[in-house]
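Written below as structure tokens is the structure these notes are about.
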Amino acid sequence: MGMTVTEKIIAAHAGRERVLPGELVEVTVDVMLANDITAPLAIKEIEKRGIATVHDPQKIVLVADHNTPARDIPSAENVKLMREFAKKHGIPHFFEGGQVGIEHVLLPELGLVVPGDLVIGADSHTCTYGALGAFATGMGSTDIAAAWVLGKTWLRVPESLKFVFSGKRRPFVTGKDLILFVIGEIGVDGARYCAMEFEGPVISELSMDERFTMTNMAIEAGAKNGIIAPDEKTLKYVRETGTPRQPRIFTSDPDAEWQKVFTVDVSQIEPQVAFPHLPSNTRSVYGIPRIEIDQVVIGSCTNGRIEDLRMAAAVLRGRKVHPRVRLLVFPGSPKVLRQAEEEGLIRVFLEAGGVIAPPSCGPCLGGHLGVLASFERCASTTNRNFVGRMGHETSEVYLVNPYIAASSAVAGYITAPDKL
Amino acid sequence: MIRGRAVVFRDNVDTDVIIPARYLTSTDPKELAKHCMEGLDPNFPNRITPGETILVAGKNFGCGSSREHAPLAIKGCGVVAVIAASFARIFFRNAINIGLPILESEEAASRIREGDTVAVDLATGEIRNETTGEVFKAQPFPPFLQEIIASGGLMNLVEKRVKANS
């Protein structure tokens with residue numbers, strides 16, 4: 001019996017020939033990430049115990065991307081704690097200020113994650129790096145603290161679910177719509193504890209940016225990790241980062257064992273809208289009632305990459321945002337911001353009446369920059385629409401792709417570009 | 001043996017309602033506890049008796065963020081255990097790592113009612129509804145997870161390992 005790509009990466013890091021779903025194994029870790037919300041808890045755990053050394057500072061990545069530039073004194077103190085911890089332990093990968101981007105946009109861009117890596121992060125969307133053919137999963141602060149000290153963690157080998165995408169995509173259907181459609185089909189716990197592997201001719205056609213969007217949202221189906229086996233596109237992307245690290249290519253064997261195989265004919269999928277208050281409450285944008293909105297957010301670790309901004313700008317070029325609507329654009333990283341500026345996209349957003357925010361997580365989690373008031377509604381390219389996610393408990397978030405977000409900003413209600 | 005009165009919640013209780021992100025600049029369980037479940041039930045503090053409450057919920061409890069502040073807030077309220085039909089995996093790890101006792105039982109989650117007195121035995125996985133006399137069986141944890149719980153959390157074990165090596 002063969003193995004899946006997820007099983008192969010875990011086996012390689014457990015020093016084993018093979019592993020089986022359900023087994024508990026101890027693995028060495030290549031990258032251990034935390035941010036300004038989760039790192040302080042981990043740092044305090046280590047410091048209060050007087051543990052003086054970390055296993056390998058090169059493998060630790062600290063990104064101050066959630067409440068920065070500092071929202072208040074406590075968030076400033078949290079970043080200071082990270083900065084001092086990085087200095088004390090000689091951690092080279094600490095990002096703040098003009099160096100900071102959203103962790104899951106930043107790490108792949110900088111070549112800090114390569115195919116075949118085993119990555120853990122104190123952020124649930126760490127699963128994003130599966131698009132590079134890495135095993136990447138989210139954990140909490142204590143797990144990360146333990147791994148910083150030991151260089152290892154424990155894992156239960158997940159069962160694998162395979163999703164095969166074929167057919168021809170309709171206009172304005174993006175990677176975001178494919179993953180929202182799947183979550184709508186299987187539910188927010190449909191892949192709980194499992195690996196979601198995406199493959200098929202449509203996945204091969206997808207750009208890296210769209211693949212990141214898909215693996216990013218695997219956690220929204222409860223998955224441990226999302227993964228796409230590396231291909232030429234992946235290797236080209238990784239080469240262009242200039243990383244000195246060597247990729248290791250793992251792919252699933254033809255006789256690998258799958259808990260379930262899903263086939264998705266994308267020809268049937270229209271652009272999706274996930275209604276409040278679960279990412280699984282999906283409907284076609286063409287079949288919804290008129291939902292007036294107060295805010296549009298374009299950005300996040302789901303859709304804050306350059307192609308996302310290009311999609312939005314393609315709709316907004318020469319148009320104006322509806323007078324009632326606030327359009328907030330959050331480039332995912334300094335590189336994305338620079339590129340958007342060079343391509344004239346920033347100018348398009350400004351001329352349309354949008355606000356450009358610094359690369360950060362921003363309003364996605366309702367803490368900083370663009371928080372919603374009571375009963376306000378937002379069309380957002382982010383990944384979660386739970387109760388109170390973006391602000392007041394009575395506010396509502398509708399999850400969409402960048403095309404739909406942009407056209408909704410113009411119309412003042414949720415709609416597709418071809419209906420403007 | 002842990003004993004408490006049940007406070008019952010629905011399926012898919014996510015980390016954003018357990019502790020909204022705007023409070024995450026704190027890492028103090030007592031401070032976090034003030035806002036626990038704020039998004040779901042503003043009356044939650046009145047339903048809790050510290051040291052005598054067991055939280056019971058449906059499937060996928062703790063879905064969403066990796067924020068460990070969520071189990072810390074629950075523990076900070078004085079909740080002594082959580083029983084759910086199923087847990088989201090990051091929440092499951094976090095709860096064990098910080099020493100918040102949790103048990104997974106679909107049957108117990110569907111049968112226990114608000115206000116029932118419930119007793120749980122973590123070593124055997126037995127859940128007893130003392131109000132109705134019903135007994136349910138949760139899967140006991142594998143030995144190494146029991147070791148983490150018995151040590152009072154993961155970092156106590158890590159500390160032991162570090163000191164043994166130095």
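The values are calculated or read from the model by the stated rules, or taken from the named source; none is laboratory data. Because the structure is predicted, anything quoted here is derived from the model rather than measured. Cβ sites come from the backbone with ideal geometry, for glycine too, and all protein chains shown count toward neighbours. All accessible areas refer to the heavy atoms of the entire protein, side chains included, with ligands and DNA or RNA removed. Shrake-Rupley method; radii C 1.70, N 1.55, O 1.52, S 1.80 Å.
Some values worked out for this structure:
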read-out	value
Other-chain or far-sequence residues with amide H under 5 Å of B:S105's (modelled H)	B:A84, B:A85
Proximal lysines relative to A:K260, as straight alpha-carbon distance under 25 Å, when same-chain residues fewer than 8 apart are discounted	A:K8, A:K162, A:K168, A:K176, A:K224, B:K59
Residues whose placed amide H lies under 5 Å from that of A:V173, excluding near-sequence neighbours	none
Computed over chain B, Kirkwood Rh from alpha-carbon pairs, angstrom	16.0 Å
Accessible area of segment A:90-192 belonging to carbon and sulfur atoms, whole % at 1.4 Å probe	49 percent
Per-selection Rg to Rh, segment A:37-129 - Cα, Kirkwood hydrodynamic radius	0.95
Per-residue ³J(HN,Hα) for segment A:345-354, Karplus 6.51 cos²θ - 1.76 cosθ + 1.60, θ = phi - 60°, Hz, x for Gly and Pro	6, 4, 4, 4, 5, 5, 5, 6, x, x
Gaussian network model of chain B, springs between alpha carbon atoms under 10 Å - residue of B:N94, B:N43, B:N156 with greatest fluctuation	B:N43
Chains A and B together, accessible area buried on both sides, 1.4 angstrom probe, square angstrom	3900 Å²
Relative intensity, log₁₀ I(q)/I(0), of the protein assembly as shown from a Debye sum that treats every alpha carbon as a point, q = 0.07 Å⁻¹	-0.38
Karplus-derived HN-Hα couplings along segment A:377-393 (A = 6.51, B = -1.76, C = 1.60, θ = phi - 60°), whole Hz, x at Gly and Pro	10, 10, 8, 9, 8, 6, 10, 9, 10, 5, 4, x, 4, 10, x, 4, 4
Bridge type composition, segment B:8-166 - antiparallel percent by DSSP, nearest 5	40 percent
Accessible area per residue in Å² at 1.4 Å probe, computed on chain B	39 Å²
Estimated vicinal HN-Hα couplings, Hz - segment A:406-420 in sequence order (Karplus 6.51, -1.76, 1.60; Gly, Pro = x)	5, 5, 5, 4, 6, 6, x, 9, 6, 7, 9, x, 6, 9, 6
Distribution of pairwise C-alpha distances over segment B:82-161, 5 Å bins, in %	3, 15, 25, 22, 16, 11, 5, 2, 1
GNM top mover of A:M217, A:M390, A:M139 - chain A, alpha-carbon springs below 10 Å	A:M139
Under 9 Å, Cβ to Cβ, from A:T137 - net charge with Lys/Arg +1 and Asp/Glu -1	+2
Amide H contacts under 5 Å for B:L122, placed H, 5+ residues apart	B:I2
Mean residue ellipticity (222 nm) of the protein assembly as shown, computed from DSSP H runs ≥ 4 via -39,500 (n - 2.57), nearest 500	-9000 deg cm²/dmol
Descending semi-axes in Å of segment A:269-420, equivalent ellipsoid built from Cα gyration tensor	21, 17, 14
Selected from B:T15, B:T124, B:T25 as most flexible by GNM, with chain B as the system and alpha-carbon contacts under 10 Å	B:T25
Accessible area of chain A divided out per residue, in Å², using a probe of 1.4 angstrom	34 Å²
25 Å Cα-Cα reach of B:K30 towards lysines, excluding residues that sit fewer than 8 places from it in its own chain	A:K44, A:K48, A:K80, B:K75
Peptide A:385-395, shielding by other chains (average Cβ, 10 Å cutoff)	5
Antiparallel DSSP beta bridges within the protein assembly as shown, percent to nearest 5	25 percent
